[in-house]
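See structure below.
The values are calculated or read from the model by the stated rules, or taken from the named source; none is laboratory data. All values derive from a computational prediction rather than experimental measurement. FYI the Cβ positions are ideal-geometry reconstructions off the backbone, even for glycines, and counts take in every protein chain you see. Surface areas here come from the heavy atoms of the whole protein model, side chains and all, with no ligands, DNA or RNA. Shrake-Rupley method; radii C 1.70, N 1.55, O 1.52, S 1.80 Å.
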Amino acid sequence: MASNFELSERSSPKQQRISPRAEKEEVDYMQRAQWLRAALLGANDGLVTVASLMMGVGSIKEDVKAMLLVGFAGLVAGACSMAIGEFVSVCTQRDIETAQMKRAIETKTSLSAIDEQDEEEKKERLPNPGQAALASALAFSVGAAMPLLAAVFIENHKVRMAVVAIVATLALLVFGVTGAVLGKTSVFKSSVRVVIGGWMAMALTFGLTKFIGSEAMQI
């Protein structure tokens, strides 16, 4: 019994050294999830928006200039929309967190050196609206540029449409795998979710675009 007790005492410092490291890794993954979500969301939105618009217009008119024009317009409009939306959202989040910190300070009669240091660290960890807006717009632009680059060098219309669809599918698969690897989650589930969700959005946009441009909707 005594030997077992001594063994447990010897092993306890090692466990104490390991647990903070494990806790730090968990915190790092939680922080990583913030920018990972924004980056993958922006890239996925850009890809799905531009690819579906290009295929929708391409199904109505076999003109590469029309496809590229609507794709580029979607890139610019989407990137601006994502940047403004992310800026407003993060500003709101920052204001809420700042107000909560002020209320927490007001409830304390005095702050120790440790409390002051903790408050400073919390202020440093507050989200930056400008960085979030820039990252979101950049991610959207990267995703939107993929179908544009895939279509610009192909002359045959049917081949161009097929290449845009294939590139969009492969890019969605890459986004799903990348998010799973960086977030340490299931690669299969993440990939299937992103690909199926992206294709559902593209099919809906493609169908609506083709319906609006059909002869039945012409006035």
task = Would you kindly give the portion of the calculated P(r) for the range 159-202 that falls above 15 Å, as a percent of all Cα pairs?
result = 41
ask   = What does the accessible area of Lys123 come to, in Å² to the nearest 10, when a probe of 1.4 Å is used?
value = 100
task = About the Cα centre of the range 123-219, how large is the charge dipole given +1 on each Lys and Arg Cβ and -1 on each Asp and Glu Cβ? Please answer in debye to the nearest 20.
result = 360
request  = Would you please give the FRET efficiency between Val177 and Lys123, computed as 1/(1 + (r/R0)^6) with r the Cβ-Cβ distance and R0 = 30 Å, to the nearest 0.05?
outcome  = 0.25
inquiry  = Quick check of the Kirkwood formula: for the range 146-219, what is the inverse mean of 1/r over all pairs of different Cα atoms, in Å?
reply    = 14.0
